[in-house]
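**Student:** The structure's right below; bear with me while I get my questions together.
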Amino acid sequence: MTENSFRAFTYPEADGYGQLDLRDDEKVILVTNDDGYSALGINSLVESLRGLGRIIVCAPDSPRSGFSSSFTCTRPVSLTRLSDNGEVAVYACSGTPVDCVKLALHRFFDTRKPDLIVSGINHGGNDSICVMYSGTMGAVLEACAVGIPAVGFSLLNHSPKADFSASVVITRHIAQQLLDNPMPKGVVLNVNIPDTEDIKGIRVCRQSAGVWIKEFHHLEGNENDGTAEFQVTGEYRNTEPDATDTDRYWLGHGYVSVVPSHVDYTSRQRLEDFKYLEE
């Protein structure tokens, strides 16, 4: 797509605000994920949030794991209402988790915004460096960029049939607390939940340092003779295994980890180190 055709594609000007009749006297929670609207995790999350306010689900129509903060700009994105019983409305979006947030804010809301955006419950952890790749947290960071309180929930179990019974107690507790105690602007939460029924508590901590290695499994073929195929896999390596103040540490000891996150990538501690570049 050329620059000129992209300009043409973006016209006419944005329109269509306020498609939902939202009362000013009720809390509104926007829910999304990266596993798709039919995933067990997001449906468990919705059930845990019932009674806290009007729930609007806008989630991908199929899994979008690993899409991070990507959004769709080269083709149209579709939105389909699946159900609305007055308490919970469910929409499927053909785009990414960030598309879901962007489109929901554009299409459903006018003068007011959601009181809280919640993403998850993800099938699999988003602790440590995984936050960089996570579609679950991509949606949360999009909320952060536009100043809306948000939290992402992830369970350390990748199974499509994972048991979320212990997780939903955590998700409801934290969502209720965030609705009752306004979050500082520019900060969102990354919450990871250990895969155990015996959760010992919640700890606010920092993201641990780590890296993925051996990331691809060779399936067949040779790229030097034609085409080779690979499957993404990987092994996580904790580069600070002795640290006791990280999400990895607390998750390993049976605690829920809560990491405050933001979208400001500035390395403030290193600003002075590069002053020599100034003229």
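The values are calculated or read from the model by the stated rules, or taken from the named source; none is laboratory data. Everything quoted here is computed from the prediction, not taken from an experiment. Glycine also receives a Cβ, built like all others from the backbone with ideal geometry; neighbour counts cover every protein chain displayed. Protein only, heavy atoms only, side chains kept; ligands, DNA and RNA dropped before computing areas. Shrake-Rupley method; radii C 1.70, N 1.55, O 1.52, S 1.80 Å.
**Student:** Compute the signed sum of charges (Lys and Arg +1, Asp and Glu -1) over the other residues within less than 14 Å, Cβ to Cβ, of residue 236.
**Tutor:** It works out to a net charge of -2.
**Student:** Hey, could you pull the Cα Rg and Dmax for region 77-212, both in Å?
**Tutor:** Using the Cα atoms of region 77-212, the pair Rg, Dmax is 15.4, 44 Å.
**Student:** P(r) for the chain: what percent of alpha-carbon pairs falls in each 5 Å bin, starting at zero?
**Tutor:** Bins of 5 Å from zero give 1, 5, 11, 15, 17, 15, 12, 9, 7, 4, 2, 0, 0, 0 percent of pairs.
**Student:** May I ask you to rank 230, 216, 153 by accessible area, largest first, using a 1.4 Å probe over the protein chains only?
**Tutor:** Putting 230, 216, 153 in descending order of accessible area: 216, 230, 153.
**Student:** Need the full-extension length gain, residue 244 to residue 70, defined as separation in residues times 0.36 nm minus the C-alpha distance. One decimal, nm. Show your work: numbers first, answer last.
**Tutor:** On the way: separation 174, 0.36 × 174 = 62.64 nm, distance 3.28 nm.
Additional length available on full extension: 59.4 nm.
**Student:** Among 277, 65, 262, whose Cα projects farthest towards the positive end of the dipole of the chain, with charges put on the beta-carbon of Lys, Arg (+1) and Asp, Glu (-1)?
**Tutor:** So the residue we want is 262.
**Student:** My understanding is that a pair violates if its Cα-Cα distance is over 23 Å; which of 113/185; 102/185; 102/161 do that in this structure?
**Tutor:** Those over the limit are 102/161.
**Student:** What percentage of the solvent-accessible surface of region 161-200, computed with a 1.4 Å probe over protein heavy atoms, is contributed by carbon and sulfur atoms?
**Tutor:** 50
**Student:** Next question. Got a sec? What order do 62, 119 fall in by accessible area at 1.4 Å, biggest, i.e. largest, first?
**Tutor:** Values: 62 45, 119 0 Å².
Putting 62, 119 in descending order of accessible area: 62, 119.
**Student:** Around residue 87, under 11 Å between beta carbons, what's the net of Lys plus Arg minus Asp minus Glu among the other residues?
**Tutor:** On the way: positive: 50, 54; negative: 26, 84.
Net charge in that neighbourhood comes out at 0.
**Student:** Percent antiparallel among DSSP beta bridges with both residues in the chain, to the nearest 5?
**Tutor:** Roughly 40 percent of the DSSP beta bridges within the chain come out antiparallel.
**Student:** Keeping all protein chains in place, calculate the accessible area per residue for region 193-265 (probe 1.4 angstrom), answer in Å². Display every interim value, and only then the final one.
**Tutor:** Numbers: 4960 Å² over 73 residues.
Heavy-atom SASA per residue in region 193-265 reads 68 Å².
**Student:** Determine the percent antiparallel among the DSSP beta bridges restricted to region 134-279, to the nearest 5. Write out the running numbers ahead of the final one.
**Tutor:** Numbers: 14 of 24 bridges.
Within region 134-279, antiparallel bridges account for around 60 percent of the total.
**Student:** Given an 8 Å cut-off on Cα distances and at least 6 residues of separation, report the relative contact order of the chain as a percent.
**Tutor:** Once divided by the residue count of the chain, the mean separation gives 17 percent.
**Student:** Let me ask something else about it. Rounded to the nearest 10 Å², what accessible area does residue 183 have for a 1.4 Å probe in the complete protein model?
**Tutor:** 30
**Student:** So, one more: Which value, in Å² rounded to 10, gives the accessible area of residue 223 with a 1.4 Å probe and all protein chains present?
**Tutor:** 110
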